[in-house]
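What follows is a set of notes on a single structure, which appears directly below.
The values are calculated or read from the model by the stated rules, or taken from the named source; none is laboratory data. As the structure is a prediction and not an experimental result, all values here were calculated from the model. Here the Cβ positions follow ideal geometry from the backbone for every residue, glycine too, while neighbour counts run over all protein chains shown. These accessible areas exclude ligands, DNA and RNA; they are computed on the full protein's heavy atoms, side chains included. Shrake-Rupley method; radii C 1.70, N 1.55, O 1.52, S 1.80 Å.
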Amino acid sequence: MSGRMTLPSGAAGARILGIGSSQPNTIVTNDDLAERVETSDEWIRDRVGIAERRIADADTTVVDMAVEAGGRALKDAGLTPSDIDTVIVATCTMPSPIPNAAAQTADRIGISAPGAFDLNAACAGFSYALGTASDLVRAGSARHALVIGAEKLSDWLDWQDRSTCIIFADGAGAAVVGAAGSDDRIGIGPVAWGSAGDLNQMIRIRTENNALFQEGQAVFRWATTKIAPVALRAIELAGLTPADIDVLIPHQANLRIVDSIAKRLRSKGAREDMRVADDIVHSGNTSSASIPLALDHMRAEGRVCSGDTLLLVGFGAGLSYASQVVVCP
Ligand code: UT7
């Protein structure tokens, strides 16, 4: 006779308990890049919106940045490593496929034997990982999950290619996810995610030089037409309206894409006073790290407050996209 299986009972909802981030110290300005490739500060600011970015030195790894960001998120949540049972690192820039970043990161933070895995959805990675962590908590598979977006894109660039080396940068951002208590507002809404695998060649690593390539204009058109509807879907799934959104934090790919998404949401009822992340100006495009970096920086600047309703939307290689509404801890 076979036994009857039981399932854990999960939480009614999940929420973000703390956030943190990490960036390398070295600032690379547009003028610095103009010494290496034919470009200008004016072109980069006008076409992409970046003024400067942070680039890690040769000895700093994806895991180093993940450890720092994760440790800070843990402290912000008021938790200790022993409280964490799951670690997810969203990354697409590890030096090799194995070992993964999550188990090393957990070990260095001092988290003992957690479920630990990497998730590759490129620039949509943080929203994918946050959605996954939220559902693990709701299902009862995890109690506290540490979710980190960490990237060292500088290792995967052709520094002679002006169409990419001026855009991408390094950094990490993290969030601790746990149960929403019965008195709490649900803190992480349902994820609206998807992919367009037929467009997979639009952003890829070229095998000839192991460097990132993107069809810039085609990705730009895709992002400015397809991503706002994904964000609107996330709002709808959360049972909210665009007017409920206090802060929009899209992946920081290009300030013109950020502005276009904000404009589209406002045409659908988002408020004029909705704050919009512009972290790309000083951080560049850090792929899966860009959303949590922007969130952490905006909170430090007082532009995001506890209890604000935030709309996150990530998009990039895959092509992949994901969006959810979250409440700021
Ligand atoms: O994060 C993952 C998702 N990625 C994205 O969402 C990226 C989406 N795409 C973009 O953000 C933009 O397409 C780029 C920033 C990549 C490029 O901007 P663009 O306005 O689309 O420029 P373009 O590629 O159409 O190039 C316009 C001109 C070209 O010269 P010609 O052919 O008109 O003479 C380029 O060769 O600008 C030239 N160019 C540059 N000039 C100065 C390209 N890169 C540079 C540069 N400096 N760095």
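Quick notes on this one:
- Screening SER288, SER260 for residues that are assigned to a helix (DSSP H, G or I), small (Gly, Ala, Ser) and surrounded by fewer than 19 Cβ atoms within 10 Å (Cβ to Cβ) leaves exactly one candidate, SER260.
- Test result for CYS123, at negative phi and in contact with a Phe, Trp or Tyr (Cβ under 8 Å, 6 or more places away or on another chain): yes
- Residue in segment 184-206 that is touching a strand residue (DSSP E or B) at 6+ places or on another chain (Cβ under 7 Å) and among the acidic types (Asp, Glu) present: yes
- Residues of segment 298-329 classified as open to solvent by 30 Å² or more (accessible area, probe 1.4 Å) and under 13 Å from the mean Cα position of the chain (by Cα), total: 1
- Top-ranked residue in segment 48-68 [being assigned to a helix (DSSP H, G or I) and without any contact (Cβ under 8 Å) to a residue 60 or more places away in the chain; ranked as least open to solvent (accessible area, probe 1.4 Å)]: VAL67
- Scanning segment 263-285 for residues that are touching a strand residue (DSSP E or B) at 6+ places or on another chain (Cβ under 9 Å) and either open to solvent by 10 Å² or more (accessible area, probe 1.4 Å) or in a loop (DSSP other than H, G, I, E, B) (or both) yields a total of 9.
- Checking every residue in segment 69-84 against the condition of being open to solvent by 40 Å² or more (accessible area, probe 1.4 Å), within 16 Å of the ligand (Cβ to nearest atom) and in the same structural domain as PHE168 (by the TED database) gives zero matches.
- The residues in segment 18-47 that are part of a loop (DSSP other than H, G, I, E, B) and within 9 Å of the ligand (Cβ to nearest atom) can be counted, and the count is 4.
- Residues of segment 135-151 satisfying the condition of being open to solvent by 10 Å² or more (accessible area, probe 1.4 Å) and in a strand (DSSP E or B): HIS144
- Residues being closer than 24 Å to ILE205 by Cα, open to solvent by less than 10 Å² (accessible area, probe 1.4 Å) and either in a helix (DSSP H, G or I) or hydrophobic (A, V, I, L, M, F, W, C) (or both) - total across segment 85-121: 6
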